[in-house]
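The values are calculated or read from the model by the stated rules, or taken from the named source; none is laboratory data. Just so we're clear, the structure is a prediction, and the values are computed from it rather than from any experiment. All Cβ positions, glycine included, derive from the backbone under ideal geometry; neighbour counts span all protein chains shown.
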Amino acid sequence: MNRLFIGLVILLAGCGTSPKTNEQPEAGTLAAAFKLPYRLNAPDQNYSLPKELKEISGLTYYKDDQLLCVQDEEAVVYVFDTKKGKVVKDFGFGGYGDFEGIEYVNGQVYVLESNGTLSRFEPESTQIGKTKTDLPKKTEVEGLGYDPKTKRLLIAVKNGEGSSDKAVYSFDLLNRAVFKDMSLNDDQLKGAGIDPKTYKPSGIAVHPITGEWYMLTSAGKRLLITSRKSKIIYSEPLDPKTFRQPEGICFAPNGDLYIASEGNGKKGYILKFTYRK
């Protein structure tokens, strides 16, 4: 395995902008009847991960039969081959941190730290860019996704204060501006059968076919699906025996769903759920 820990080349400047607010959330709680196109109680594949990914914290689709994974502390990206069922390569991107999410967009890898800092680089490149997203103070983030419709990275807040609590921010890749895209309130969550105290997103991904936002919570072990306008479409609790500590979520282009869980004392693993239209 090749790990390149090279001094960082600063390619991105800090945003320097305050988060902007998008359209107002839709009222109400659950949407009309919705059938989840996945059987969360019956994974189609269970991939065991090596000890280096015991604390896997994020994953993203990379290319045919390959996912990119990152873990909490070490700045290393692991390439997991789903056909071979193992890590086939890894590459470092400099130092240590609290890495909570990863997304592959247009040939670039983006890695999110809990304080909102983003690293950007091409796979196996020694040129690493970093940018601060200027989120509100005392905001801890954990989920990173990408919405191709808006061409923005999505950043899910795990812990926040005031208006940043239960929010999803976005980072516009073209203008390097931060927006507040969505915020759920306690009444919405309660109406969907969710204890607001346990709503602490650990992962976020956009469905490649329907465009819905899928959010994963590790603390409350739940999958939540929303529209772009804060409308809760669906909510389902996750069996703790199947999902020990769900931390990462992503989709293949055909709609197949992948959810990664930390080992919680055992090996980390990735579950695959086939898309059923």
Task: the stretch 237-256, residues that are surrounded by fewer than 17 Cβ atoms within 10 Å (Cβ to Cβ) and of a type outside the set (S, T, N, Q) - done: Pro237, Asp239, Pro240, Lys241, Pro253
TODO: Count, please, the residues in the stretch 236-274 that happen to be modelled with pLDDT under 95 and among the small types (Gly, Ala, Ser).
DONE: 2
Task: Checklist (1) touching a Phe, Trp or Tyr at 6+ places or on another chain (Cβ under 6 Å); (2) surrounded by fewer than 24 Cβ atoms within 10 Å (Cβ to Cβ); (3) modelled with pLDDT under 95 applied to Thr133, failing item - done: (2)
- [ ] Only residues that are surrounded by fewer than 21 Cβ atoms within 10 Å (Cβ to Cβ), at pLDDT 95 or above and in contact with a strand residue (DSSP E or B) (Cβ under 8 Å, 6 or more places away or on another chain): list them for the stretch 56-75, please.
- [x] Tyr61, Tyr62, Asp65, Gln66
- [ ] Report whether or not Ile194 is modelled with pLDDT under 95 and among the aliphatic types (A, V, I, L, M).
- [x] yes
Open item on the list: For the stretch 165-180, which positions are surrounded by fewer than 24 Cβ atoms within 10 Å (Cβ to Cβ) and in contact (Cβ under 8 Å) with a residue 60 or more places away in the chain?
Closed with: Leu173, Arg176, Ala177, Phe179, Lys180
TODO: Just give me the residues in the stretch 76-86 being in contact with a Leu (Cβ under 8 Å, 6 or more places away or on another chain) and either over 16 Å from Tyr258 (Cα atoms) or at pLDDT below 95 (or both), in sequence order.
DONE: Val77
Task: Sole exception among (1) touching a Leu at 6+ places or on another chain (Cβ under 6 Å); (2) more than 21 Å from Pro50 (Cα to Cα); (3) small (Gly, Ala, Ser) for Ala219, by number - done: (1)
Open item on the list: Residues to consider are Lys51, Lys63, Lys86; find the one that is under 26 Å from Leu153 (Cα atoms) and of a type in the set (D, E, K, R).
Closed with: Lys63
Open item on the list: Being surrounded by 22 or more Cβ atoms within 10 Å (Cβ to Cβ), out of contact with any Gly (no Cβ under 9 Å at 6 or more places or on another chain) and not in a loop (DSSP other than H, G, I, E, B) is the filter here; which residues of the stretch 257-277 pass it?
Closed with: Leu257
TODO: Take the stretch 241-277 and flag every residue that is among the small types (Gly, Ala, Ser) and free of Cβ contacts under 8 Å to residues at least 60 places away in the same chain.
DONE: Gly265
TODO: Would you be able to tell me the number of residues in the stretch 122-148 that are more than 17 Å from Ile204 (Cβ to Cβ), touching a residue at least 40 places away in the same chain (Cβ under 8 Å) and touching a strand residue (DSSP E or B) at 6+ places or on another chain (Cβ under 7 Å)?
DONE: 8
Task: Hits in the stretch 207-219 (condition: buried (at least 20 other Cβ atoms within 10 Å of the Cβ) and either over 13 Å from Leu184 (Cβ atoms) or of a type in the set (A, V, I, L, M) (or both)) - done: Tyr214, Met215, Leu216, Ser218
